[in-house]
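Report on the following structure.
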Amino acid sequence: MMSLPLKTFTRFENFGHSLRASSYRIQVKRTEDIHAAFQLAKQLGLKITARGTGISYNDASLNGGGIVLDMSGLNQILEWDPASGLVRCESGVTLEQLWKHVEPHGWWPPVVSGTMKTTLGGCLSANIHGKNNFQVGPIGEHVQEFTAVTPTGALVTCTPNKNADLFYSMISGLGMLGVFTSVTLKMKRIHSGLISVDARPVPNLSRHLGDLLENAPHYDYIVGWLETFAGGSSLGCGQIHAARNLKEGEDSHAQQTLQLSYQHLPDRLFGLMPKSLLHYFMSPFVNNLGWRAVNLAKYMSAQRKHTFRQSHAEFHFLLDYVPDWERSAGRGGLIQYQSFLPKETAEGAWRRMIELSHERGLPSYLGVTKRHRPDKFLLTHAVDGFSLAMDFKVTDRRRAKLSQMLQEFDQIVLDAGGRFYFAKNSETSAESTRSFLGDETLSKFRQFKKRCDPHNLLESDLYRRVFR
Ligand SMILES: Cc1cc2nc3c(=O)[nH]c(=O)nc-3n(C[C@H](O)[C@H](O)[C@H](O)COP(=O)(O)OP(=O)(O)OC[C@H]3O[C@@H](n4cnc5c(N)ncnc54)[C@H](O)[C@@H]3O)c2cc1C
């Protein structure tokens with residue numbers, strides 16, 4: 001009988017350090033390691049979860065008592081063609097590796113998350129969206145081909161035309177149908193290392209969402225920073241940052257701005273605070289009063305419309321400015337709640353959710369809005385509407401109250417015809433999942449699961465929470 005060495009038993013956490021689970025870690029260096037892990041799991045009666053960087057906000061890459069396949073070592077960029085913009089990578093390659101490889105040649109990844117630390121395997125499993133979701137859809141729409149190992153031992157190659165049913169279900173499939181080994185992606189052409197950003201204040205939720213809706217078609221990217229503490233007639237106020245790529249010739253120093261040296265994130269935030277120290281300074285602010293002040297200051301600082309240029313890295317990866325910023329939430333960590341609502345119902349639903357958070361004394365500390373459009377991946381989270389992501393601090397005292405409130409949020413979202421994102425929410429139940437995905441989608445997913453993973457070897461804490 002084979003066994004796993006006890007020294008590989010490791011405690012894993014989610015990004016916000018609010019959830020923990022211990023598992024046996026198997027480091028993957030070659031595709032054969034994945035085959036071997038499946039055989040081992042079957043013999044030992046253990047469940048397997050692939051893990052990229054492990055920075056999902058929730059339990060997507062946690063697997064208490066089972067095996068975690070650490071994919072971060074499968075991280076080679078295998079082929080890159082600067083003429084066509086096609087790149088083939090192993091699935092543990094991070095967005096940081098990718099953009100740094102292609103940007104000096106005048107290309108940028110078509111879709112990126114708010115952090116560059118995510119791996120391509122993690123990005124495909126969640127089918128991530130960027131600030132350009134309304135224009136270009138999720139990352140899956142830019143995948144030309146992927147290879148994956150299923151627990152049956154098959155190495156499958158999928159494109160939008162070959163094994164198309166698996167293509168559209170494994171991308172978005174939360175790593176529950178197979179383990180990605182390589183990904184071929186088409187990059188987006190850029191003519192400058194800079195991006196032009198229009199920043200403007202919005203006084204309330206109606207104007208906030210109206211701005212996203214009306215102005216998105218005129219830009220490549222759009223995002224809203226929502227002031228989560230404001231109530232009454234100012235509820236939902238904030239700032240819109242709408243950005244467009246520069247056209248050929250608009251940047252007379254394009255050769256320089258495309259260099260990596262131009263793309264670094266500044267060492268100091270707002271030109272003052274050394275970023276390595278910032279999370280210590282943020283800690284005292286992680287209470288309602290402190291964050292109210294921070295939100296207000298942020299809103300007041302952008303009371304006039306202005307346009308500026310910033311590097312792609314600065315625009316896309318703002319949250320990477322402050323290393324370990326999530327630790328400022330303290331010992332209990334933080335969780336994020338992101339809901340996706342149709343454009344017709346979003347305002348009413350979010351008004352109610354923000355009011356509820358004020359009434360309960362559990363305000364969110366950060367609110368981010370985006371504009372979306374639907375896509376045809378099986379477990380899609382997108383709608384023709386908007387998303388609002390809200391970060392909440394967790395403490396032992398608040399945990400139960402917070403959990404109760406987020407379940408009430410789920411009901412508001414369901415009543416408004418909305419959807420949830422499996423890379424973020426940590427409270428959504430199996431009942432809510434059934435309501436938003438619908439029986440037909442769930443039954444299709446179960447059929448794929450049976451075909452790719454007949455012995456149910458691939459399971460994560462998230463899977464057990466939302467599909468059981
Ligand atoms: C600061 C921050 C900002 C973010 N911004 C955005 C954003 O703007 N848009 C967005 O859509 N998301 C965003 N996210 C969420 C993030 O993009 C996803 O959670 C992503 O999946 C994390 O990648 P990872 O490599 O850490 O994956 P992990 O957290 O390790 O895993 C995520 C899922 O992918 C599966 N998986 C990982 N590798 C593989 C593989 N090789 N094969 C099969 N399955 C695999 C895991 O089993 C798990 O289900 C953000 C997260 C953070 C922390």
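Tabulated results
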item	result
Solvent-accessible area of H358 with every protein chain in place, 1.4 Å probe, in Å² to the nearest 10	60
Segment 44-99: radius of gyration and largest Cα-Cα distance (Dmax), Å	14.6, 48
Assigned charges on the beta-carbon of Lys, Arg, Asp, Glu; segment 71-199 dipole about Cα centre (debye)	80
Under-5 Å amide H pairs with W107, H placed in peptide plane, nonlocal only	I190
List R189, R371, ordered by accessible area with a 1.4 Å probe, largest first	R189, R371
By accessible area with a 1.4 Å probe, ligands and nucleic acids excluded, highest first: order of F9, F167	F9, F167
Heavy-atom surface of segment 307-360, accessible at 1.4 Å and reported per residue (Å²)	39
Farthest positive-ward along the chain dipole, Cα basis, beta-carbon charges - from C158, F317, L174	L174
Computed magnitude of the charge dipole of segment 330-468 (debye, nearest 20; Cβ of K, R +1, Cβ of D, E -1)	400
For the chain, with +1 on Lys and Arg beta carbons and -1 on Asp and Glu, the positive-most of G66, W99, V87 along the dipole	G66
Span from the segment 153-168 Cα centroid across to the segment 186-228 one, whole angstrom	35
Ordering of 25-35, 360-370, 334-344 by burial proxy (mean other Cβ atoms within 10 Å per residue, highest first)	334-344, 360-370, 25-35
Ranked by how many other beta carbons lie within 10 Å on average, peptides 155-162, 181-188 from highest	181-188, 155-162
Probe 1.4 Å, accessible area per residue of segment 1-133, Å²	38
Protection-proxy order for peptides 437-447, 62-72, 194-204, each taking the mean of Cβ atoms within 10 Å per residue, highest first	62-72, 194-204, 437-447
Positive-end residue of G438, G367, L378, charge dipole of segment 357-468 with Cβ unit charges	L378
Segment 1-104: C-alpha gyration tensor shape, a/c 1.5 cut-off, then a/b vs b/c	oblate
Relative contact order (%) - the chain, alpha-carbon pairs under 8 angstrom, separation at least six	18
Accessible area of segment 124-267 belonging to carbon and sulfur atoms, whole % at 1.4 Å probe	48
Total charge dipole magnitude, the chain, about the Cα centre, Cβ charges on Lys, Arg, Asp, Glu only, Debye to nearest 20	760
Computed [θ] at 222 nm, deg cm²/dmol, the chain (DSSP H ≥ 4; -39,500 (n - 2.57); rounded to nearest 500)	-8500 deg cm²/dmol
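The values are calculated or read from the model by the stated rules, or taken from the named source; none is laboratory data. None of these values were measured; they are calculated from a predicted model. Reconstructed Cβ throughout: ideal geometry from the backbone, glycine too, with neighbour counts over all protein chains shown. Just the protein is used for accessible areas: all its heavy atoms, side chains included, with ligands, DNA and RNA removed. Shrake-Rupley method; radii C 1.70, N 1.55, O 1.52, S 1.80 Å.
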